[in-house]
Amino acid sequence: MQLGFFDVEKRHKQLDKLKDQLLVLSNLINFELFRETIEKGLEKEKKDNSGRKPFDKVLLFKGLIIKRLYDLSNAELEFQITDRSSFRRFLGLNENDFSPDENTFWNFENELAKNAVIDKLFIKFDEFLNSEGYVAKGGSMIDASFVEVPKQRNTREENKEIKEGKIPETFLENVNKLAQKDTDAKWTKKGNESFYGYKNHINADVEHKLIREYDVTSASVHDSQCLDNLIDKENDTQKLFADSAYRSDEILLLLWLAQIEANINERACRNKPLTEKQKAENKVRSKTRARIEHIFGFMENSLKASVIRTIGIVRAKSQVAIINLTYNICRYTQLKQNKCVSVA
């Protein structure tokens, strides 16, 4: 039985009572602000007008936000959009409208990755945050988190070549096999635990806990190697908070030359334990630095972002960029709802 207009309206009112999360996003963010960036980034010559009209690019982008918020595969995303009223309302689809299929979303994601469009969308939203009064304040917090990918089953010889930066001949001989092999992801260890994949390096401002800069590398890259790419000169307080992994003479010199106050935890060395004064100073710094753990906690628990299903660093960078952008979108709505607007 086909739903009438009033039936749909009644269902939407019921969703409103149940505090639909997507309605909050729609009310607080005009997603049209992303249109120009997406369309320019994916601009290419149109061959002809045959076939069905392509889906609106902003609609597809909003679909990727849903995918990240609810940890869905492309196939699950297609099903849920077809099935759920809240998703269709968020995307602006009527009950009788066709919804994008999984291949449409896959191709759209692939084009965004190849053209590095998500990076530009992240910058666009950061400009929006600044215009809303959420400028970077209180100093910067820097840290990194592992983003794992499906483990590869390779021979020892293949792993050795990959570690040396080569593509094994056995991969090159089979195009289909090569397409399923990630030669960019790397193994690393932290404590007694092994990780395979990539790292999400972020810089967040202290006051708002919004991500201002980020970088994506293989998991084997040490946290400190990306610090230079993460420095935020726009923050109104030039202080940097980080754990002891970032402490080195080179980094302290780099920050001194950049006129940034280094609030980096001291670390003990062999036969040289921390003094009581150093422990006390670390405790003071950690009260601020630990705020960045809330960001990774939200990503892991709410966005299920500690694992991504993708191959190659190009797509991994795009996926992590979507994670970071989705976090900022969610954090912005939280700040707005809590009325924590600060004056620029």
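Where a number appears in this text, it was derived from the coordinates with a stated rule and is not lab data. In this text, all values refer to a predicted model and were calculated from it rather than measured experimentally. Counting neighbours? That spans all protein chains shown, and the Cβs are built from the backbone with ideal geometry, glycine included.
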Legend entry - Sum of side-chain charges, Cys226 neighbourhood, beta-carbon under 9 Å (Lys, Arg +1; Asp, Glu -1): -2
Legend entry - Shape parameters for the stretch 116-213, alpha-carbon atoms, Rg then Dmax in Å: 19.1, 55
Inset, instruction - Compute the distance in nm between two label points, each set 7 Å from the Cα along the Cα-to-Cβ direction, one at Lys304 and one at Thr170. - result: 3.2 nm
Legend entry - Most mobile listed residue (Ser218, Ser248, Ser306) in the chain, GNM with C-alpha springs under 10 Å: Ser248
Inset, instruction - Provide the percentage of antiparallel DSSP beta bridges, counting only those with both residues in the stretch 137-270; round to the nearest 5. - result: 80 percent
Legend entry - Residues of type lysines that Lys272 reaches as a straight line, Cα spacing below 28 Å, ignoring anything fewer than 8 places off in the same chain: Lys189, Lys190, Lys239, Lys283, Lys287
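In deg cm²/dmol and to the nearest 500, what is the mean residue ellipticity at 222 nm of the chain if only DSSP H runs of at least 4 residues count, each as -39500 (n - 2.57), divided by the residue total?
The helix-only estimate for the chain comes to -14500 deg cm²/dmol at 222 nm.
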Inset, instruction - Please give the length that would be gained between Glu261 and Lys277 if that part of the chain were fully extended, namely 0.36 nm times their separation in residues minus their C-alpha to C-alpha distance (nm, one decimal). - result: 3.9 nm
Inset, instruction - For the chain, with a Gaussian network of springs between Cα atoms less than 10 Å apart, report the residue from Lys209, Lys166, Lys67 with the top mean-square fluctuation. - result: Lys166
Legend entry - For the stretch 204-344, alpha-carbon Rg and Dmax in angstrom: 16.8, 51
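Send over the per residue convex hull volume for the stretch 152-257, Cα only, as a whole number of Å³.
It comes to 149 Å³ per residue, whole-number rounded.
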Inset, instruction - List the residues whose amide H sits under 5 Å from the amide H of Glu261, counting only those 5 or more places along or on another chain, with H placed 1.01 Å from N in the peptide plane. - result: Lys239, Leu240
Inset, instruction - Using the Kirkwood radius over Cα pairs, work out the Stokes-Einstein diffusion coefficient for the stretch 227-275 at 37 °C and 0.692 mPa s, in µm²/s as a whole number. - result: 279 µm²/s
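Over its Cα atoms, what ratio of radius of gyration to 2.2 N^0.38 Å does the stretch 35-134 give?
For the stretch 35-134, the normalised Cα radius of gyration is 1.15.
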Legend entry - the chain - Rg and Dmax from Cα coordinates, angstrom: 22.6, 78
Inset, instruction - Just tell me which aspartates and glutamates come within less than 14 Å, Cα to Cα, of Lys317; anything on the same chain fewer than 8 places away is out. - result: Glu109, Glu111, Asp119, Glu148, Asp182, Asp184, Glu213, Asp215
Legend entry - Pairwise label distance in nanometres, Lys124 with Asn229, each label 7 Å out on the Cα-Cβ vector: 2.3 nm
Legend entry - Sparse-neighbour loop sites [trypsin sites (Lys or Arg not before Pro); the stretch 248-328; at most 15 other C-beta within 10 Å; DSSP]: Arg267, Arg270, Lys304, Arg309
Inset, instruction - Round to the nearest 0.05 the FRET efficiency obtained for Gln238 and Glu148 when R0 = 25 Å and r is the Cβ-Cβ distance. - result: 0.15
